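Working notes, beginning with the structure itself.
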Amino acid sequence: GQQVMQIPQYQHVQEGEDFTTYCNSSTTLSNIQWYKQRPGGHPVFLIQLVKSGEVKKQKRLTFQFGEAKKNSSLHITATQTTDVGTYFCAGPMAQKLVFGQGTRLTINP
Amino acid sequence: SQTIHQWPATLVQPVGSPLSLECTVEGTSNPNLYWYRQAAGRGLQLLFYSVGIGQISSEVPQNLSASRPQDRQFILSSKKLLLSDSGFYLCAAVAGGPTGELFFGEGSRLTVL
């Protein structure tokens, strides 16, 4: 079936180190979305990428959408303790938004 | 913007008891509605989605059912809970088709004992 795969499942870094999570879809996507879920909270929308090869930045976060529109990445530069949480990518497939398994980021202060 | 109200926030239920989780949406009409379940430390599993009143699609065979009696109301139910039904249940909505931003409710944390 249609899937969105995300790696790594877990990532532990020292505060100040960079972090990257990768997302791959089994099919071409019309767009890719990224969400952040803080511990104990609900997922919150971060950004949507639509164009092939698109790159968007939000302060220390850089989001990329692959040329083939089947993969994406989220890179955080110089992590801070406020970045702790689980990051999900998601792609629309039929009437549904299919989520990757998420990457759980923990940070050593 | 959309607001998703979801309740109850927390509940502890014995095995074999019924369940009803309710979700209402404000700020949009005719949204696509979704129920997701998240086991502890895991990803989001889509359980049901609805594109309109009375229209329910089930993603996985299970002990749960969903209903959409009104445009902005989505209910998740079970007649008899199983231990494996424990988890964090999230209602979500998107307006204007499935490709837009998904708004989530605060979630309902269910523990079945």
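The values are calculated or read from the model by the stated rules, or taken from the named source; none is laboratory data. Remember, it's a predicted structure, so these values are computed and weren't measured experimentally. Virtual Cβ from ideal backbone geometry, glycine too; neighbours counted across all protein chains shown. Quick note on the areas: whole protein, heavy atoms, side chains included, nothing else; ligands and nucleic acids left out. Shrake-Rupley method; radii C 1.70, N 1.55, O 1.52, S 1.80 Å.
Structure above, values below:
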read-out: Criterion (away from every other protein chain (no Cβ under 13 Å) and of a type in the set (A, V, I, L, M)) met by exactly one of A:Val98, A:Val84; value: A:Val84
read-out: So B:Pro18, is it in contact with a Leu (Cβ under 7 Å, 6 or more places away or on another chain), open to solvent by 60 Å² or more (accessible area, probe 1.4 Å), more than 11 Å from chain A (Cβ to nearest Cβ) and more than 26 Å from A:Tyr87 (Cα to Cα); value: no
read-out: Complete set of residues in segment A:64-76 that are under 23 Å from B:Asn32 (Cβ atoms) and open to solvent by less than 10 Å² (accessible area, probe 1.4 Å); value: A:Phe65, A:Ser72
read-out: Residue under evaluation A:Thr79, criteria (1) of a type in the set (Ser, Thr, Tyr); (2) more than 9 Å from the chain's Cα centre (by Cα); (3) open to solvent by 30 Å² or more (accessible area, probe 1.4 Å), criterion not met; value: (3)
read-out: Qualifying residues in segment B:78-113 (those that are within 13 Å of the chain's Cα centre (by Cα) and open to solvent by 30 Å² or more (accessible area, probe 1.4 Å)) - the one farthest from the other protein chains (Cβ to nearest Cβ); value: B:Arg109
read-out: Restricting segment A:41-60 to residues that are in a loop (DSSP other than H, G, I, E, B) and within 30 Å of B:Arg109 (Cβ to Cβ), the residue that is least open to solvent (accessible area, probe 1.4 Å); value: A:Pro43
read-out: Residues of segment B:29-42 satisfying the condition of being at negative phi and either surrounded by 16 or more Cβ atoms within 10 Å (Cβ to Cβ) or not polar (S, T, N, Q) (or both); value: B:Pro31, B:Asn32, B:Leu33, B:Tyr34, B:Trp35, B:Tyr36, B:Arg37, B:Gln38, B:Ala39, B:Ala40, B:Arg42
read-out: Residue among B:Gln70, B:Gln55, B:Gln13, B:Gln45 that alone is farther than 26 Å from A:Gln6 by Cβ, open to solvent by 20 Å² or more (accessible area, probe 1.4 Å) and within 11 Å of chain A (Cβ to nearest Cβ); value: B:Gln55
read-out: Condition check for B:Glu26: open to solvent by 60 Å² or more (accessible area, probe 1.4 Å) and closer than 19 Å to A:Gly102 by Cβ; value: no
read-out: Test result for B:Gln62, more than 11 Å from chain A (Cβ to nearest Cβ) and surrounded by fewer than 20 Cβ atoms within 10 Å (Cβ to Cβ); value: yes
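Yes or no, residue by residue, for (1) open to solvent by 70 Å² or more (accessible area, probe 1.4 Å); (2) within 18 Å of B:Ala92 (Cβ to Cβ); (3) outside any strand (DSSP E or B):
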residue	(1), (2), (3)
A:Cys23	no, no, no
A:Ser30	no, no, yes
A:Pro39	yes, no, yes
A:Thr62	no, no, no
A:Tyr87	no, yes, no
A:Leu105	no, no, no
